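Data first, discussion second: the structure below is written as structure tokens.
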Amino acid sequence: MHIPTDDEIRALHERLAPNPAAFDLVYTHCRIVARIAARIPAPDADPALVRAGCLLHDVGVYRLAPGEAYIRHGLLGHEILAGLGFADTVARFCSHHTGVGLRRADIAAQALPLPPGDYLAETPEERLVMYADKFHSKSSPPRFLTAAAYTAVAARFGEHQAAAFKVMVAHYGEPDLAPLADEYGHLIVPA
């Protein structure tokens with residue numbers, strides 16, 4: 001399996017981004033997520049694959065149509081990468097990073113605009129990318145979230161989501177976001 005290089009991934013972002021502002025927002029977020037993941041001890045995960053997953057996980061954002069539900073960006077990203085010949089191991093980072101995983105039951109209960117299925121992080125690399133992603137938001141303005149802040153976000157989608165995130169925090173620990181917040185000038189939302 002070919003793991004794309006940082007240069008290949010940046011070129012892909014540049015090609016897919018509809019404008020420089022979208023590129024800056026999405027690619028910066030992906031780079032931040034990669035840096036967060038690098039701060040989290042995960043001896044069972046392949047660091048090169050984690051880095052590629054972090055840098056690619058949100059490429060589907062570029063293909064969202066106006067008014068299309070944001071939750072679809074993961075599937076769109078998976079489709080983009082699969083269409084470009086990326087291995088499913090790489091493409092899955094897009095479709096399996098939303099929230100703390102989407103179950104078929106969640107999709108049905110919330111009438112989410114996704115094909116029925118389970119979109120759960122299954123490998124150590126997928127779990128780490130999904131986890132690291134929870135600590136930074138592309139909101140306007142972009143911001144970092146503490147574990148407590150993301151737990152509150154997750155709880156809006158069901159207590160099982162918040163509980164699953166708490167298990168991840170206990171497993172991985174909470175990354176030190178202060179140096180990245182200072183470097184990027186993004187605030188940290190405490191709770």
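What pairs come up if the first residue lies in the stretch 167-191 and is in contact (Cβ under 8 Å) with a residue 12 or more places away in the chain and closer than 13 Å to Ala37 by Cα, the second is of a type in the set (D, E, K, R) and open to solvent by 90 Å² or more (accessible area, probe 1.4 Å), and their beta carbons are under 7 Å apart, counting only those six or more places apart or on different chains? From residues that are in contact (Cβ under 8 Å) with a residue 12 or more places away in the chain and closer than 13 Å to Ala37 by Cα, the pairs are Pro175/Arg39; Asp176/Arg39.
Are any residues in the stretch 147-191 more than 16 Å from Val129 (Cα to Cα) and of a type in the set (Ser, Thr, Tyr), and if so, which ones? Within the stretch 147-191, Thr151, Tyr184 meet the criteria.
Residues in the stretch 17-29 that are of a type outside the set (A, V, I, L, M, F, W, C), in a helix (DSSP H, G or I) and open to solvent by less than 90 Å² (accessible area, probe 1.4 Å): Tyr27, Thr28, His29. Of all residues in the stretch 116-172, exactly one satisfies the criterion of being open to solvent by 40 Å² or more (accessible area, probe 1.4 Å), at pLDDT 95 or above and polar (S, T, N, Q), namely Thr123.
Residues that are modelled with pLDDT of 95 or more and either in a loop (DSSP other than H, G, I, E, B) or open to solvent by less than 20 Å² (accessible area, probe 1.4 Å) (or both) within the stretch 1-16 comprise Ile3, Pro4, Thr5, Ile9, Leu12, His13, Leu16, listed in sequence order.
Among the residues of the stretch 95-112, are any touching a Lys or Arg at 6+ places or on another chain (Cβ under 6 Å), among the acidic types (Asp, Glu) and under 19 Å from Ala154 (Cα atoms)? Within the stretch 95-112 (the criterion being touching a Lys or Arg at 6+ places or on another chain (Cβ under 6 Å), among the acidic types (Asp, Glu) and under 19 Å from Ala154 (Cα atoms)), the answer is no, since none of the residues qualifies.
Residues in the stretch 74-102 that are buried (at least 16 other Cβ atoms within 10 Å of the Cβ) and part of a loop (DSSP other than H, G, I, E, B): Phe86, His96, His97, Thr98, Gly99, Val100, Gly101. Being free of Cβ contacts under 8 Å to residues at least 12 places away in the same chain and either of a type outside the set (S, T, N, Q) or under 20 Å from Pro124 (Cα atoms) (or both) holds for only one residue in Pro18, Pro66, Pro41, and it is Pro66. Can His96 be described as in contact (Cβ under 8 Å) with a residue 12 or more places away in the chain, of a type outside the set (Ser, Thr, Tyr) and in contact with an Asp or Glu (Cβ under 6 Å, 6 or more places away or on another chain)? Yes. Does Gly67 qualify as being surrounded by fewer than 24 Cβ atoms within 10 Å (Cβ to Cβ), over 14 Å from Pro4 (Cβ atoms), of a type in the set (Gly, Ala, Ser) and out of contact with any His (no Cβ under 8 Å at 6 or more places or on another chain)? So Gly67 passes the test.
The values are calculated or read from the model by the stated rules, or taken from the named source; none is laboratory data. Please read these numbers as outputs of a predicted model, since none were measured by experiment. Cβ sites come from the backbone with ideal geometry, for glycine too, and all protein chains shown count toward neighbours. Note: accessible area is taken over every heavy atom of the protein model, side chains too, but ligands, DNA and RNA are not part of it. Shrake-Rupley method; radii C 1.70, N 1.55, O 1.52, S 1.80 Å.
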